[in-house]
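Encoded as C-alpha cells, the structure appears first; notes follow it.
The values are calculated or read from the model by the stated rules, or taken from the named source; none is laboratory data. Everything numeric here is computed off the predicted structure, so don't read it as measured data. Virtual Cβ from ideal backbone geometry, glycine too; neighbours counted across all protein chains shown. The protein model used for the area step is the full one, side chains on, heavy atoms only, and it has no ligands, DNA or RNA in it. Shrake-Rupley method; radii C 1.70, N 1.55, O 1.52, S 1.80 Å.
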Amino acid sequence: MTPALLTPLGLLALAAILLPIAIHLARRTEMRPVDFAALRWLDARPRPRQRLRLDEWLLLAVRILLLALVAILLAGPILWGAEDRRAVVAVFPGVAAPAIGDDVRGVWLAPGFPSVAGASPPRPDRPATLIRRLDAALAPGVPLTVIVPPVLDGLDAERPRLSREVTWRVVDAPMLAATPTVPPPIAIRHAASMRGAVRYFRAAATALAPPDRAPDVGGLEQPLASTARHIIWFDSGELPAPILDRVVNGATVLVTSDTLLALDDAPRTVWRDAEGQPLATEQRHGKGRVLRLTRAIDPAAMPILLDATFPDRLADLLYPAPPPARAAAADHAPLTGAPAWPQPPLDLAPWLALAIALVFAIERLLATRQRREIA
C-alpha cells in the first residue's frame, strides 16, 4: 500500500503549529505580589536569570497534534493498493448460494452487489451489464467465479468481455417463464380530409390493441396523452413542433407521403412491398424516429392495406424487434481481453476527521480541567 496526497500544498498549514508554541512561550503564570513589613527594609538584590520553561507541555503537545492532523486533512491523504484482494463469488439471484469461506467474498449478482449473507434479491434485468460492472470494480488479478442458472434473460447483443479469466459455473435452478410483452398502444390523429384513409390504420390498431382497450383515435385538435410514444399523424401540413419534441424524447411517429418534414437525417427505406418497392422510410430525430409513407393511402397504390397481414406489417414498422435477449448460460460465458480498470484509492479523510474529533475532545478536556498548575 502506498500513501499519497491529492493536494500537497495543504501541508503549508503545518506552519500554524508555531501558533500554540508562541502562545505557550509568551504565557506567564499568574503571580500576585504580597508585601511583608519586614521585607521592605531589605536591600533589593539582582534576580536570578530565569530559564525558558513550558507550562502544561501535555496540552501543548495535543494542540500541536491537532493542527498537524488538520494540515494533513487539507492535503487530501489517500492510500493506493488498499483494495480487497479476496476472491469473489457472484451468485445469480434465485440460485442457491454455496458455502463461502472467510477468505472468499460472496455477493449477489444484483445492483450494488449485496452480500450473499442477506436474502436473495430479485433477478436482475441485465445480468451481462452487472458482470461487466463487477469486473470493473475488482482489482486486477482477483479471482472471480460466477454461478448462473441454465438460461439467462435480458442479455446484450454480445457476450461480456472482461479483463480476467472467469470461472463460469452453470447450476440447476428453477427457470422463469418469459414474460409476454404487450405492444404499447397506438395513438392516431388525422385531419378531417383523411377520414377515409385512416380507417385502415384504425382497424390495424384495433387488432394490435389489448381486447379491453380501444385505440386512441381522434382529430388533430384532440390532445395526446403524455404517455403516447407511438403516434400516427395524418395531415398534409407541416409536422407540429410538439410532435417533433416527442420524437426528440424517443417517440415514433408515422406520417403521410405529403407531410412536410425538415430533418437533417437522410431517409432510409424500412418497409417494402412484395416487389421490393419502398413503402415507408425512416429518419432519426433525437432519440426517436419519423416514419414516412412513400405512397398515397389507397388500396390501388398500397394493396397491403387490404391484406390480412397488414396489422403485423404495421407492428413490425412501429415496434422494431429487439435483438434476442435469452440464451443458454453455457453459451454465454464471458470472453477475456478487455483492459483492466484502475481502482480508486482509499480516501483517508473520514478516518482523519474521526481522529481530529477525538484529539479535539482531549484538548478541550485538558484545557478546561479544574486543577491548574500554579507556580
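Ranking Pro242, Leu152, Ile23 by Cα position along the charge dipole of the chain, where only Lys, Arg, Asp and Glu carry charges on their C-beta atoms, puts Ile23 farthest toward the positive end. Taking θ as phi - 60° and the Karplus parameters 6.51, -1.76 and 1.60, the scalar couplings of the stretch 214-219 work out to 8, x, 8, 10, x, x Hz in sequence order, x denoting glycine and proline.
Shown are Ser163, Ser193, Ser115, whose ranking by accessible area with a 1.4 Å probe and every protein chain present, most to least, is Ser193, Ser115, Ser163. Here r is the Cβ-Cβ distance between Leu79 and Leu224 and R0 is 45 Å; the resulting FRET efficiency, rounded to 0.05, is 0.20.
For the stretch 78-206, what does the alpha-carbon gyration tensor say about shape, rounded, prolate or oblate, given a ≥ b ≥ c as the root eigenvalues, a/c under 1.5 as rounded, and a/b over b/c as prolate?
Values: a/c = 3.65, a/b = 2.54, b/c = 1.44.
Here the stretch 78-206 falls in the prolate category.
If R0 equals 51 Å, the separation of the Cβ atoms of Arg284 and Thr167 corresponds to a calculated FRET efficiency of about 0.75. Using C-alpha pairs under 8 Å with a sequence gap of at least 6, the mean separation divided by the residue count of the stretch 242-375 gives a relative contact order of 18 percent. Ranking Pro3, Ala228, Leu346 by how far each Cα lies toward the positive end of the dipole of the chain (charges on Cβ) leaves Pro3 at the top. Element breakdown for the stretch 62-108 at a 1.4 angstrom probe: carbon and sulfur atoms account for 64% of the accessible area. The modelled label-to-label distance for the pair Ala99/Ser257, using points 7 Å beyond Cα in the direction of Cβ, is 7.4 nm.
Entry comment: accessible area of the chain is 63 Å² per residue, from protein heavy atoms only and a probe of 1.4 Å.
Rounded to 0.05, the FRET efficiency of the Leu306 and Ala327 pair, given R0 = 41 Å and the Cβ-Cβ distance, is 0.55. Here the chain is treated as a sphere whose radius is the Kirkwood value from Cα pairs; by Stokes-Einstein at 20 °C and 1.002 mPa s it diffuses with a coefficient of 74 µm²/s. Kyte-Doolittle mean at least 1.0 and Cα extent at least 24 Å along the axis: which DSSP H helices of the chain qualify? Counting only whole DSSP H runs, the qualifying helices are 57-74, 349-367.
Highest first, please rank the peptides 98-104, 131-137 by the mean number of other Cβ atoms sitting within 10 Å of their residues.
The most tightly packed comes first, giving 131-137, 98-104.
What number, in percent, do you get for the relative contact order of the chain if the mean sequence gap of Cα pairs under 8 Å and at least 6 apart is divided by its residue count? All intermediate terms of the calculation are to be shown ahead of the outcome.
Numbers: 578 pairs, mean separation 72.4, N = 375.
Across the chain, relative contact order equals 19 percent.
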